[in-house]
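Here the structure is laid out as structure tokens; the discussion comes afterwards.
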Amino acid sequence: MPATTSSSNSIATRLGALALVPFALGALLVWVVRPEAHPYAAAALSAYAAVVVSFLGGIHWGFAFRQPAPTPRLFTWGVVPALVACVGVVMQPYAGLVIHGVMIVVCYLVDRKVYPQQGAAAWLTLRFRLSGIASIACFVGAAGA
């Protein structure tokens with residue numbers, strides 16, 4: 001993968017920040033909505049987190065597709081986050097959001113090893129920032145659920 005350009009990094013940074021809005025808003029809403037809306041706010045945050053966790057796994061399929069003889073490990077790991085996210089999203093939000101928050105951290109830890117091997121190490125700083133905020137939002141949401 002070629003080194004990231006300034007414009008692609010800027011776009012990714014902006015879109016990444018935009019993708020954090022549902023995390024921050026969801027974590028806030030879990031704490032401030034009326035009791036009758038609380039289950040919906042918590043479920044919405046959990047569903048969004050599950051989508052993001054699934055996306056983080058899907059990136060590994062993209063890495064594998066770029067290779068003429070990909071390692072099965074990329075495909076295998078690529079489905080694990082989605083499977084775990086599926087379990088998390090059907091749990092009560094106070095527990096499911098913890099699962100999602102932990103998976104976001106686990107995905108980042110895996111990516112710290114995989115990204116450099118795939119020529120994507122330049123993206124790890126952005127991934128760290130986004131993952132940190134997203135996982136904290138999941139934990140804050142879980143505490144409010």
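Read-outs: derived from the displayed coordinates by stated rules, not from any lab. As the structure is a computational prediction, the values presented were derived from the model and not from experiment. Note that each Cβ is placed from the backbone with ideal geometry, even for glycine, and that neighbours are counted across all protein chains shown.
For Ser135, the shell of other residues with beta-carbons less than 14 Å away shows a net charge of +1, using +1 for Lys and Arg and -1 for Asp and Glu.
What net charge is computed for the residues neighbouring Val80, neighbours being all others with C-beta under 13 Å from the C-beta of Val80, Lys and Arg scored +1, Asp and Glu -1? Around Val80, the surrounding residues sum to 0. Note that the stretch 21-27 has calculated 3J(HN,Hα) couplings of 4, x, 5, 5, 5, x, 4 Hz, one per residue in order, obtained from phi through the Karplus relation 6.51 cos²θ - 1.76 cosθ + 1.60 (θ = phi - 60°); glycine and proline are x. Per-residue Cβ neighbour counts within 10 Å put Leu130, Leu29, Leu20 in the sequence Leu20, Leu29, Leu130, beginning with the fewest. Taking only the Cα atoms of the stretch 18-68, the ratio Rg/Rh comes out at 1.23, with Rh defined as the Kirkwood radius. Among Val51, Val33, Val80, the largest mean-square fluctuation in a Gaussian network model of the chain (Cα springs under 10 Å) belongs to Val33. Derived value for the stretch 6-144: Kirkwood hydrodynamic radius 15.4 Å. Basis is the mean of 1/r over every pair of different alpha-carbon atoms. From least to most packed, judged by other beta carbons within 10 angstrom and beginning with the fewest, Arg14, Arg34, Arg129 follow the order Arg34, Arg14, Arg129.
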